[in-house]
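Okay, structure first, notes after.
The values are calculated or read from the model by the stated rules, or taken from the named source; none is laboratory data. Note that this is a predicted model, so its numbers are computed, not measured. Glycine also receives a Cβ, built like all others from the backbone with ideal geometry; neighbour counts cover every protein chain displayed. Just the protein is used for accessible areas: all its heavy atoms, side chains included, with ligands, DNA and RNA removed. Shrake-Rupley method; radii C 1.70, N 1.55, O 1.52, S 1.80 Å.
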Amino acid sequence: MKKSLYLLALPLLVLLAIALMSPGQNSTGVSSTQSADPAQTPAAKPVSNSLAQFTSLWSNAASPGNEATDTFDQLWARLISPADQNSAGDDTQDQLRKLMQEQPYYLKRIISLYQKEPSPQIRETIRNLLSGIRSPEVFALSRQLVSSTESEQRIAGLIMLRDLDIYPQEERELIRLSLNNEQQAAVILQALTALKPPTPEAADIPTDNGIDIQTRKDIINQLQNLTHNTDPAVRSQSVLQLAQWDKNDSSLSYFSAALNDPVASVRQTAIFALAQSGTNADTVKQLLNKLINNAGETTQLKASAQQVMDALKADREKIPST
């Protein structure tokens with residue numbers, strides 16, 4: 001009896017095994033039709049640290065995200081577009097400067113563009129854009145421009161140095177080289193404007209922001225020589241700078257010569273430069289009195305000299321007597 005029951009159950013077990021192994025179901029017991037439904041099948045996870053991921057990271061390592069790049073390109077297009085010249089003002093430049101300061105990628109990109117740009121107008125736009133950024137990259141560009149064979153580029157480099165003030169000693173040396181070697185008055189004027197005078201309170205200190213005694217003497221000598229330049233604008237600017245650099249009366253003869261310059265604008269500059277110099281007040285008064293009493297001098301210059309005389313007198317009256 002038991003043997004017959006066993007023989008009857010055996011076919012049932014075979015049928016059940018066949019049903020379980022049918023192609024309609026997978027190993028988890030879910031039908032293949034059901035698993036083919038993408039809405040019910042979880043998405044496969046990407047392979048961690050795949051070659052594609054590394055390639056993407058390497059490609060974007062030196063550049064910002066697409067959103068930032070789009071913003072920069074839009075601002076730059078607005079700045080140089082003739083149609084937007086009226087609307088693209090200081091705000092656009094400020095936004096571009098901010099992006100370049102926050103992400104050096106853009107700064108290097110603009111400097112690279114400057115070096116390849118043929119348009120003088122766009123180069124000027126780039127220089128204005130860089131003028132508010134104090135960075136080694138901007139200093140490197142200004143140094144390159146100062147050494148250019150083109151006077152326009154040398155002027156541009158000196159203007160950038162004037163506004164930079166990041167490496168005072170190196171910048172001063174570049175300006176001094178320009179004053180020594182330059183022949184064109186327009187470039188010399190920019191070099192004189194870029195030359196930053198020492199602070200007044202540090203005039204008697206051996207070093208002042210990296211300016212040693214010998215360097216100071218050399219600069220004063222350069223300025224004295226430039227007071228004899230053939231261009232009156234250079235003579236005027238040299239006298240103004242000389243008043244800031246020499247506070248020890250060693251340039252008295254140069255101030256005196258400037259007061260007798262054949263060009264009125266140079267004499268006018270010399271009046272106020274003399275008052276700002278370290279020349280003794282009594283000596284200043286003697287020189288100015290001579291100009292005031294000169295019958296051939298203009299009324300305007302005599303009035304300027306008298307104005308300086310009155311200011312010196314007022315300053316002396318403020319000093320308490322001992």
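Among the candidates Ser135, Ser148, the residue that is among the hydroxyl-bearing types (Ser, Thr, Tyr), closer than 30 Å to Leu223 by Cα and surrounded by 14 or more Cβ atoms within 10 Å (Cβ to Cβ) is uniquely Ser135. Contact map, the range 153-181: first residue at positive phi, second residue open to solvent by less than 30 Å² (accessible area, probe 1.4 Å), Cβ cut-off under 9 Å, separation 6 or more or different chains; pairs are Asp165/Glu171. So which of Asn289, Asn248, Asn293 ends up being in contact with a Gly (Cβ under 8 Å, 6 or more places away or on another chain), over 21 Å from Gln183 (Cβ atoms) and among the polar types (S, T, N, Q)? So the residue among Asn289, Asn248, Asn293 that is in contact with a Gly (Cβ under 8 Å, 6 or more places away or on another chain), over 21 Å from Gln183 (Cβ atoms) and among the polar types (S, T, N, Q) is Asn248. Could you check the range 234-250 and list, in sequence order, the residues that are of a type in the set (D, E, K, R), surrounded by 22 or more Cβ atoms within 10 Å (Cβ to Cβ) and out of contact with any Lys or Arg (no Cβ under 9 Å at 6 or more places or on another chain)? Residue satisfying the conditions is Arg235 alone.
Determine, yes or no, whether Asp94 is of a type in the set (Asp, Glu), within 14 Å of the chain's Cα centre (by Cα) and surrounded by fewer than 14 Cβ atoms within 10 Å (Cβ to Cβ). The answer is yes for Asp94. Within the range 134-166, the residues that satisfy the criterion of being assigned to a helix (DSSP H, G or I), among the polar types (S, T, N, Q) and under 18 Å from Ser112 (Cβ atoms) are Ser142, Gln144, Gln153. Screening Ser253 with (1) open to solvent by less than 60 Å² (accessible area, probe 1.4 Å); (2) among the small types (Gly, Ala, Ser); (3) part of a helix (DSSP H, G or I) gives one miss only, at (1). For the range 270-289, the set of residues classified as open to solvent by 30 Å² or more (accessible area, probe 1.4 Å), in contact (Cβ under 8 Å) with a residue 12 or more places away in the chain and either of a type in the set (A, V, I, L, M, F, W, C) or assigned to a helix (DSSP H, G or I) (or both) consists of Phe272, Ala275, Gln276, Ala281, Thr283, Lys285, Leu287, Asn289, listed by residue number. Only residues that are closer than 18 Å to Ile159 by Cβ and open to solvent by less than 60 Å² (accessible area, probe 1.4 Å): list them for the range 108-118, please. Selection gives Ile110, Ile111, Tyr114, Glu117. Taken as a whole, the structure places Leu177 among residues that are among the hydrophobic types (A, V, I, L, M, F, W, C), closer than 26 Å to Ala243 by Cβ and open to solvent by 30 Å² or more (accessible area, probe 1.4 Å).
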